[in-house]
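The next block holds one structure in the form of structure tokens; read it before the comments.
The values are calculated or read from the model by the stated rules, or taken from the named source; none is laboratory data. Worth saying up front: this structure is predicted, and the values here are computed from it rather than measured. Every residue, glycine as well, gets a Cβ built from its backbone with ideal geometry; the counts of neighbours run over all protein chains shown. These accessible areas exclude ligands, DNA and RNA; they are computed on the full protein's heavy atoms, side chains included. Shrake-Rupley method; radii C 1.70, N 1.55, O 1.52, S 1.80 Å.
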Amino acid sequence: MVSAEPLKVAVLGCGSVGSQVVRLLSEQSEDLAARIGAPVELVGVGVRRLDAPREVEVPEGLLTTDSAALVTRADVVVEVIGGIEPARGLILSALEHGASVVTANKALLAEDGPTLFEAAAKADRDLYYEAAVAGAIPILRPLRESLAGDRVTRVLGIVNGTTNFILDKMDTAGSGFAEALEEAQELGYAEADPTADVEGFDAAAKAAILASLAFHTRVTAADVHREGISEVTAADVASAAEMGCVVKLLAICELRRQPGGEDAVAVRVHPAMIPRSHPLASVREAYNAVFVESEAAGQLMFYGPGAGGSPTASAVLGDLVTVARNRLAATRGAGESAYADLAVLPMGETVTRYHVAIDVDDRAGVLAAVAQAFAEHGVSIQTVRQEGRDDDAQLVVVSHEATDAQLSATVEHLQRMDIVREVTSVMRVEGGAE
Ligand code: HSE
């Protein structure tokens, strides 16, 4: 049954996502009303400039530059401006004025999520943000609701489409990083300033959000160890291929049992080699995927388009329907769950494996000396391969699991050794059997 009282919706931002939200609100208004139980009325679209070019025609009189006033007269505020301010101030004001909020703002949630969650709890209103991680892919609701009875132990995500496109090109076409980035920019996958994507900031924000939900612990962007892909070379990608691996930028969120028996959380974003047999290796081009491991369910994978106006708007509209239904039922969904309050491990204590390629002199005793360097730092070697000979000899060593501190100390040690001409590639190896 559709009640007579319309639900007033304000949209903040009318860029690629906002304009698609406006389009879907209009095109699907009858279905939305039936699914919610009340008609949805778009009461305004907050923008910076009234005369900017837009993908959709916004109904007469709805565009406004006064977002501060707009949020005070809406039941649901959809924030798709991005960035920290004015988004944070507008969301807080919307909650104070009694609106429910739907946002796609990963940077804000990763930097200052607790402030928003506390404001939502105080106002007794919903704050939903499915679109903040991996675009259209439903992953936050599964972590928050579907897996709420299980124990998630690891989340591995390809959560940035730009970098996945670049690494995929490097793998399939043998391109170098610069060439692949240029192609990504020409095709509109990468921004003119690609820093947020290629240096892993975007993925780190998403990793913080995923880890917070998976482990019921507050994790902010500052807790996430971050390395981008700008240093990944064609030689790294070729070396991965020789091992039957592919290089991906991974967001890795892990639960780690500590020697004292307590759990801790490790959250990192960096390029890593994963076996081609791993489900994440098949994620091509600009697609995203999130691979979840939990004690009872086992392994789950969520796959789909992680960016773009229309896919992201799909996730926004899903949240809008949920918060609207909650309002009609005079209730709210689950708020922040941070009861576990686990410690976040520094990167040095994170456990991983390394692939190290070393140019060496090909003579007696070199392999033993290299193996000794690993042993001195307590790092066990899994495989060693030699390529070339004489002046062109290269050793490729893959370690067993060790702490990142042990592994990086080993690499520093190798770099100081006379018999080592150059350590040409160092990359973590993930997603495989030990
Ligand atoms: N720029 C991101 C990506 C999408 O390339 O996946 C928005 O988070």
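The table that follows gives values for the structure above.
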read-out: Distance between segment 142-177 and segment 390-429 - C-alpha centres, whole angstrom; value: 27
read-out: Between helix 161-172 and the chain: long-axis angle, C-alpha atoms, 0 to 90°, nearest 10; value: 40
read-out: Label-to-label distance, nm, for residues given as A364 and E118 (7 Å Cα→Cβ offset); value: 6.9
read-out: Those trypsin sites (Lys or Arg not before Pro) in segment 1-102 that DSSP places in a loop and that have at most 12 other beta carbons within 10 Å; value: R48, R49
read-out: Count of Lys pairs (Cα-Cα under 22 Å; at least 8 positions apart or interchain) in the chain; value: 6
read-out: Whole-number accessible area per residue in Å² for the chain, which is evaluated in the context of all protein chains at 1.4 Å; value: 42
read-out: Mean ellipticity per residue at 222 nm, deg cm²/dmol - from DSSP H runs of n ≥ 4 across the chain, formula -39500 (n - 2.57); value: -10000 deg cm²/dmol
read-out: Inter-site label distance for D150 and R385 at 7 Å from Cα along Cβ, in nm; value: 3.4
read-out: Candidates per GluC sites (Glu not before Pro) in segment 142-245, loop by DSSP, up to 14 other Cβ within 10 Å; value: E191, E231
read-out: Accessible carbon and sulfur surface of segment 173-245 relative to its total accessible area, %, 1.4 Å; value: 51
read-out: Among beta bridges that DSSP assigns inside the chain, antiparallel share in %, nearest 5; value: 70
read-out: Sparse-neighbourhood loop sites, GluC sites (Glu not before Pro) in segment 1-62 - DSSP loop, at most 16 other Cβ within 10 angstrom; value: E55, E57, E60
read-out: Dipole moment magnitude, nearest 20 debye, segment 140-306 about Cα centre, only Lys, Arg, Asp, Glu C-beta charged; value: 760
read-out: Ordering of 244-254, 203-213 by packing [mean C-beta count within 10 Å, highest first]; value: 203-213, 244-254
